[in-house]
Amino acid sequence: MLQYRTFTAADAVDWARQHGGLSDPSVLVDAREVGDGNLNLVFKIFDAAGVSRIIVKQALPYVRCVGESWPLTLDRARLEAETLREHGKHCPQHTVNILHYDPALAVMVMEDLSDHQIWRRELVKGVHHPQAATQLGEYLAQVLFHTSDFVLPPHQKKAQVARFLNPELCEITEDLFFNDPYCDHPRNAWPAALEADVGALQRDLSLKQAVAGLKHHFFAHAEALLHGDIHSGSIFVKQGSLKAIDAEFGFFGPMGFDIGTALGNLLLNYCALPGLLAPREAAAAREQRLQDVRDLWLTFASRFLALAEQHTRDAALACPGYAAQFLQKVWTDALGYCGTELIRRTVGMSHVADMLDITDPAMRTACIAHAIRLGKTLILAAPHVADCDALLARIRQNG
Ligand code: SR1
Ligand code: MG
């Protein structure tokens, strides 16, 4: 039985040779640690020509971006590998392929996506991928529908819920999304000029009640196997292709959380664009982001409804009109969660490159202020925003 140890580059090469599935593993000669996320080690494994061929990812026993003072379960590697494998069954074209997983070492070997780019980096540069939002809507519809009660028999569903219990990673989300930004917490950070805005946010009782409702729903609604952290940094794109990665936050939760997280990151970019690009380019890119929002939701909703018409296993859930009614609730939840993503990424701990890369401090502050305002509006207005057109109108009104 292997004992856990932190991989060196040489270990990663050796592991990729054993488990990468190459017909001639000896071509793999070198590794570079490239992880820029908050939690894990990620090695690219190269052949002699310097071409990256395989990825080896290892969970550390703590939160990487904080250090050993914040321990974290190694079981998250299992949850990530199994979530991605489960999602890969339902949407292989948009899910990274996991080639091997080792529980003792908390190591995964996966397909190399070096011909793709991280979507957030593209959005920050103003590079448009016109099919990405539609593809993300397709991914979310397939994986959420097929892991829900619309498809899984009750005993199987409950066994899956148990298999994907993820209390430690969920607790991170519970704290970072729904607690920290609304109180005085050392993990929070915002520009000094926004002190009054954040103070008002933290004293807003109606807002805090709405956030409590979203947190409670996150605790209590095991609707489908979520990705759990589907922001634009967890998505690789190239023209015509999209792949979801990084599913260590996977668990059975409310569908609106995944959709809201995805929409929230498009809107963070929307708010940041005036600080990232020249005015004319920023205005054009903002229209593209709004189109992305529309494409994502409309694709998700239409694919979900089509799947529900063809495949609903449960007699009660198959009742005509029920799937559409359910989707309306998912939409309302998604808008609320979208608002919490905007606020936790600007007031809370995990800030995003969309804002951090704005070089002019005054402009950065203005963009962050916009995201906070929009987040607050969405959380409060979610039950009154009937559809995508109403959402886009609210976003435009918000500045
Ligand atoms: C301590 S982990 C902080 C954030 O990084 C991950 O990517 C998740 O978004 C999490 O909330
Ligand atoms: Mg991640």
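Take the conditions within 16 Å of ligand 2 (Cβ to nearest atom) and either of a type in the set (Asp, Glu) or at pLDDT 95 or above (or both) and apply them to Leu226. Does it pass? Walk me through how you get there before you give the answer.
Working: within 16 Å of ligand 2 (Cβ to nearest atom): yes; either of a type in the set (Asp, Glu) or at pLDDT 95 or above (or both): yes.
Here the answer is yes, as Leu226 does meet what is asked.
Please go through (1) touching a residue at least 12 places away in the same chain (Cβ under 8 Å); (2) open to solvent by 20 Å² or more (accessible area, probe 1.4 Å) for Leu391 and return the number of the only condition it doesn't satisfy.
(2)
Going residue by residue through segment 119-128, is there one that turns out to be open to solvent by 50 Å² or more (accessible area, probe 1.4 Å), at pLDDT 95 or above, not assigned by TED's automatic domain parsing to the domain that holds Pro279 and not aromatic (Phe, Trp, Tyr)?
Checking segment 119-128: not a single residue is open to solvent by 50 Å² or more (accessible area, probe 1.4 Å), at pLDDT 95 or above, not assigned by TED's automatic domain parsing to the domain that holds Pro279 and not aromatic (Phe, Trp, Tyr).
Has segment 303-318 got any residue that is at pLDDT 95 or above, in a helix (DSSP H, G or I), touching a Ser or Thr at 6+ places or on another chain (Cβ under 8 Å) and open to solvent by 60 Å² or more (accessible area, probe 1.4 Å)?
no
Looking at segment 39-47, is at least one residue open to solvent by 40 Å² or more (accessible area, probe 1.4 Å) and within 21 Å of Leu113 (Cα to Cα)?
Yes; the residues of segment 39-47 include at least one that is open to solvent by 40 Å² or more (accessible area, probe 1.4 Å) and within 21 Å of Leu113 (Cα to Cα).
Run Gly399 past the list (1) at pLDDT 95 or above; (2) more than 24 Å from Phe145 (Cα to Cα) and report the number of the one that doesn't hold.
Among (1) at pLDDT 95 or above; (2) more than 24 Å from Phe145 (Cα to Cα), Gly399 violates only (1).
Among Leu79, Leu136, Leu74, Leu113, which is the only one that is buried (at least 21 other Cβ atoms within 10 Å of the Cβ), within 30 Å of Asp11 (Cα to Cα) and within 16 Å of ligand 2 (Cβ to nearest atom)?
Leu79
Having 2 or more residues that are within 24 Å of Cys65 (Cα to Cα) is the bar; report the helices (runs of 4 or more DSSP H) wholly within segment 322-399 that clear it. Quick ask: steps written out before the conclusion?
Values: elements: 322-344, 353-356, 361-381, 388-397.
By residue number, 322-344, 353-356, 361-381.
The values are calculated or read from the model by the stated rules, or taken from the named source; none is laboratory data. Just so we're clear, the structure is a prediction, and the values are computed from it rather than from any experiment. We place every Cβ from the backbone using ideal geometry, glycine too, and count neighbours over all the protein chains shown. Ligands, DNA and RNA are excluded from the accessible area calculation, which covers all protein heavy atoms including side chains. Shrake-Rupley method; radii C 1.70, N 1.55, O 1.52, S 1.80 Å.
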